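Below you'll find the structure, written out as C-alpha cells, and then a few comments.
We did not get these values from a lab; they are worked out from the coordinates using the rules stated. Every value quoted in this text rests on a predicted model; they were computed, and no experiment measured them. For neighbour counting, all protein chains shown are included, and Cβ atoms are generated from backbone atoms with ideal geometry for every residue, glycine included.
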Amino acid sequence: MKIIVTINDEKKELTLVHPLETLLDFLRRHYYLGVKDGCRDGQCGACTVLVDGRPISSCLYLAIRAEGKHITTIEGLGKPGNLNIIQQAFLETGAVQCGYCTPGMILSTKALLDKNSQPTEEEIKTALDGNLCRCTGYVKIIEAVKLAATKIRQER
Amino acid sequence: MAIEISIPTNISQAKKYLKKKFTPLAGGTTLLLHRQKNIQLLDLNKLNLSYIKFQKNSVRLGAMATISGLLEEKKLNKIFGGLIPQALLTIGSTLNRNMITVGGNIVGIHSWSVLPGLLLLLDAKIKTIQKKSYPAKKFFSQSPKKILQNDLITEIEIPLIQKNAIGGWQKMSLTETDYPLVSVGALKLDKNIRLVAVALTLLPQLFEVNSDNIPDEIDAIVPRVKISHDIRVSIEYKREILKALFMDVIPTD
C-alpha cells in the first residue's frame, strides 16, 4: 500500500508495511529519526510531529491518515550551522540536556508561535503540556520559548 | 493479522460498510491504544463531519470535529459561562486534543471520558447515520456500543434555549494531563442546578439540586454516587474529593 505525503516540503510516494502502521514507525522507517520513540501511548510527546501545522503524537496517528497531508518533523526546521530561531533559542537558554524530548518540544513550540507570537506563560505551558521532560525541570524550556517568541517578533 | 481499511467518501458508502460489521475509526487514539488485531476498519475522515454550526436555538457539532477544533470556536467558548472550554481542557494534553474527536470521545467511553458528562449536563441530542436521535439521558444510560449496532454517530446537537444558564467544570487528577480521579460539571438554570460526575464509573452520573440549600443537597447526594474501584486512591478518598468539587464547581452569579 502506498501513500502520497509531503514531508518537510518534499512530496513523496512511500510504502506502508501494514494498514495499521503508525506515523511514528512510518517516519522512522524512512529515516526521519528525529521523531523519537518514547512511550507509544500518547503520553510523553517525544514522537511529536506537525500534521498540517498541528502538533500530534505520531505514535497514535495512523500513517494512512497522512495521505495528502503536510508533515513537519524536526529535520524540516533548520540544519546544523543554520538553525531555526526556536532551535537557537533552546541552545542559548540551556534548555537541552539529554535532548530526547527536544524535537517534540521544538515542534510544539513552532506550532504555538506560528499561531501566537506573543504567548503568555500559561499559553506556553498549555501548548507544551503534552511534551514531558525528565531532565530540565521545564524552567529553561519556557525561557527558550519566550526568547524564540521575542526573536520572531523582532524579525517581523 | 488480517486488517482491512475502507475510506468512504459519503454516508451511503459508510452505511454499506457498517452492515458488513466494519469498525468505525474516528481519531484513532483508542484503536491504537488497544492495539486491536484482525479488524476491518471504516475510516470516517472523508465524510465531512468536522463542522461546528450555530443555528438560532442550538449548535451542531459534527462527530469528527476534534476537541481542539471546538476550543478554537470562539462562540462556543462564550456560552454557558465558559463551561465548554473548561470541560474540554481537562481532556488529555494539547497533542491528544488535536486528535481526539467528538464521536470518538463519546463512543470509546472510558471512565475518564468528559464529553458524555458534558452532553448529559447540556441535554444534548446524539444523532446517527441511521437517522436516529437520542437524548443524552437515554444514550448514556448504557454503553454506547450497545445502542450503536450497525450505527454511527454523525452529529451532536446542543440546545441553546436557556440563554442565562451558566456552568463550570473541575477535574482532580495526579497531574495536569493525567486521567481524572474525579471530574465534575455543573449547570445553573435559574433555581435548579444540574451536577454531573464522571470518572467514577464507566457512565456519567447526573443529579439535580435546588440552589436554595446547596450544602445540604450535596451532603445528601454524595453518599448516593456510585464509585468504582481505582488502583490509585480509595473510594472513600474519591467521595471526599467529590464533595469538595461539587461545592466548588457550582457557579456563583
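Within a straight-line Cα-Cα reach of under 15 Å, B:LYS137 can be paired with the following aspartates and glutamates, leaving aside sequence neighbours fewer than 8 residues apart in one chain: B:ASP123, B:GLU157, B:GLU208.
Each Lys or Arg adds one and each Asp or Glu subtracts one; over the other residues with Cβ under 12 Å from the Cβ of A:GLY53, this totals +2. Note on segment B:133-253: the C-alpha convex hull projects to 9.0 nm² when averaged across all orientations.
Put in line by how crowded their Cβ is, counting other Cβ atoms within 10 Å and starting with the fewest, A:MET1, B:MET99, B:MET247, A:MET105 read A:MET1, B:MET247, B:MET99, A:MET105.
Just rank B:VAL198, B:VAL233, A:VAL96, fewest to most, by other beta-carbon atoms within 10 angstrom.
On the way: B:VAL198 30, B:VAL233 14, A:VAL96 20.
With the sparsest Cβ surroundings first, the list reads B:VAL233, A:VAL96, B:VAL198.
Per the Cα gyration tensor, the protein assembly as shown maps to an equivalent ellipsoid with semi-axes of 36, 28, 19 Å, ordered largest to smallest. Kirkwood radius for segment A:1-126, taken over all pairs of different Cα atoms as the inverse mean of 1/r, rounds to 15.0 Å. Given segment A:85-155 reduced to its alpha-carbon atoms as identical point scatterers, what log10 I(q)/I(0) does the Debye formula return at q = 0.22 Å⁻¹? After summing over all Cα pairs, the log10 values are -0.87.
Please give the contour-minus-distance gain from B:SER50 to B:GLN13: 0.36 nm per residue of separation, less the Cα-Cα distance, rounded to one decimal in nm. Taking 0.36 nm per residue and subtracting the Cα distance, the gain is 11.5 nm. For A:LYS12, the lysines whose Cα comes closer than 18 Å to its Cα, not counting residues fewer than 8 places off in the same chain, are A:LYS2, A:LYS69.
Once you've got the Cα coordinates, tell me which of A:LYS110/B:LYS56; B:LYS171/B:LYS191; A:LYS115/A:LYS151; B:LYS191/B:LYS238 are over 26 Å apart. Write down the numbers at each step before the final one.
Values: A:LYS110/B:LYS56 38 Å; B:LYS171/B:LYS191 24 Å; A:LYS115/A:LYS151 15 Å; B:LYS191/B:LYS238 28 Å.
Cα-Cα > 26 Å for A:LYS110/B:LYS56; B:LYS191/B:LYS238; rest within.
Solvent-free Debye calculation, one equal scatterer per alpha-carbon of segment A:2-76: log10 I(q)/I(0) at 0.12, 0.13, 0.19, 0.20 Å⁻¹ equals -0.25, -0.30, -0.66, -0.74.
Annotation: the residues B:TRP169, B:TRP112, sorted from fewest to most other C-beta atoms within 10 Å of their own C-beta, follow the order B:TRP112, B:TRP169. Put simply, the amide H of A:ILE7, placed in the peptide plane, has neighbours under 5 Å in A:LYS12, A:ILE71, leaving out anything fewer than 5 places away on its chain.
When Rg and the Kirkwood Rh are both derived from Cα coordinates, the Rg/Rh ratio for chain B amounts to 0.97.
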